[in-house]
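Data first, discussion second: the structure below is written as structure tokens.
The values are calculated or read from the model by the stated rules, or taken from the named source; none is laboratory data. Values in this document were obtained by computation on a predicted structure and should not be read as measured data. Cβ coordinates were reconstructed from backbone atoms using ideal geometry, including for glycine residues, and neighbour counts include every protein chain displayed. Heavy atoms of the whole protein, side chains included, go into the accessibility calculation; ligands, DNA and RNA do not. Shrake-Rupley method; radii C 1.70, N 1.55, O 1.52, S 1.80 Å.
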Amino acid sequence: MPEIEQFDAVRITNASIQVFEGGTQQTGTKFGCIGQLEGETELRTLIKRCEGYEVENVSKPDKMNMTVSAHIPVKVARDLFGLSSQDLKPGVWSYGTNSKGKKFIFTADIVDEFQDQVKLVAFANCRSTTGLKLMVENGADELAELEIEFTAMKDDTGQIYYEAIISELTDQTIKDTWHKTFNRALVEEIPAP
């Protein structure tokens, strides 16, 4: 299969969140209906100086600051913001000074409607950086999306972001497993003995 030379991102869909509970990755849960995903890489710059003047520098990715706007399920919101039902009666959840969102993996499909291509994307080590937000507007014509910010940090191999265009994949296990249990072992090439 030839490598895709152009990909026009038109739509984001099929998002998943795979949370870690007690250090164990859980099977992916639908993230919800996404309106927008935006991210920007934060770089770390190493500077070489000679006699007080900058003569060379190298910038390397440190992490990505992400923002997603979506309508998300209750379970996903509770996991992201760290709501707890500990020591509370059944059906009651709380949010406070001890709340800590769970570490998670975020995956989604980005669709190119012009080329009929789908790109799988994954951020393998994430934490929410937004506190719980509430907004209800009486009489609104359109339900407002919840805006969530999270940080995508490097995984155990130093990678922050993964992508795969489905038509370029030779291993269909990747496509079938991406949104359920994404991890480095799924995408890593194992050298032949």
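In segment 86-110, what count of residues is obtained for those that are surrounded by fewer than 17 Cβ atoms within 10 Å (Cβ to Cβ) and out of contact with any Gly (no Cβ under 6 Å at 6 or more places or on another chain)?
Kept after step one, since they are surrounded by fewer than 17 Cβ atoms within 10 Å (Cβ to Cβ), are these residues of segment 86-110: 86-100.
Subsequent filtering for residues that are out of contact with any Gly (no Cβ under 6 Å at 6 or more places or on another chain) retains 86-98.
Counting residues in segment 86-110 that are surrounded by fewer than 17 Cβ atoms within 10 Å (Cβ to Cβ) and out of contact with any Gly (no Cβ under 6 Å at 6 or more places or on another chain) gives 13.
Kindly indicate the residue of segment 72-98 that is in contact with a Leu (Cβ under 7 Å, 6 or more places away or on another chain) and touching a residue at least 24 places away in the same chain (Cβ under 8 Å) and also farthest from Thr151 (Cα to Cα) among those meeting that condition. Across segment 72-98, the extreme among qualifying residues is Tyr95.
Consider Val68 carefully, then state whether it is in contact with a strand residue (DSSP E or B) (Cβ under 8 Å, 6 or more places away or on another chain) and surrounded by 14 or more Cβ atoms within 10 Å (Cβ to Cβ). Here the answer is yes, as Val68 does meet what is asked.
Across segment 113-158, which residue is most open to solvent (accessible area, probe 1.4 Å) among those that are among the β-branched types (Val, Ile, Thr) and not in a strand (DSSP E or B)?
Val136
Could you tell me whether Asp171 is open to solvent by 80 Å² or more (accessible area, probe 1.4 Å) and not small (Gly, Ala, Ser)? So Asp171 fails the test. Total residues in segment 21-61 satisfying the condition of being closer than 24 Å to Ile110 by Cα, part of a strand (DSSP E or B) and either open to solvent by 60 Å² or more (accessible area, probe 1.4 Å) or in contact (Cβ under 8 Å) with a residue 60 or more places away in the chain (or both): the figure is 13.
Considering only segment 71-93, I want to know if a residue exists there that is under 15 Å from the mean Cα position of the chain (by Cα), assigned to a strand (DSSP E or B) and closer than 18 Å to Ala152 by Cβ. No, segment 71-93 contains no residue that is under 15 Å from the mean Cα position of the chain (by Cα), assigned to a strand (DSSP E or B) and closer than 18 Å to Ala152 by Cβ.
Against the conditions (1) over 28 Å from Glu188 (Cβ atoms); (2) free of Cβ contacts under 8 Å to residues at least 40 places away in the same chain, Gln159 satisfies every one except (1). Close contacts from segment 104-116, counting a first residue that is without any contact (Cβ under 8 Å) to a residue 24 or more places away in the chain and closer than 17 Å to Lys175 by Cα and a second that is open to solvent by 30 Å² or more (accessible area, probe 1.4 Å) and assigned to a strand (DSSP E or B), with Cβ to Cβ under 8 Å and a gap of 6+ residues or different chains, come to none at all. What about Met1, is it at pLDDT 95 or above and among the aliphatic types (A, V, I, L, M)? Taking the combined requirement at face value, the residue does not satisfy it.
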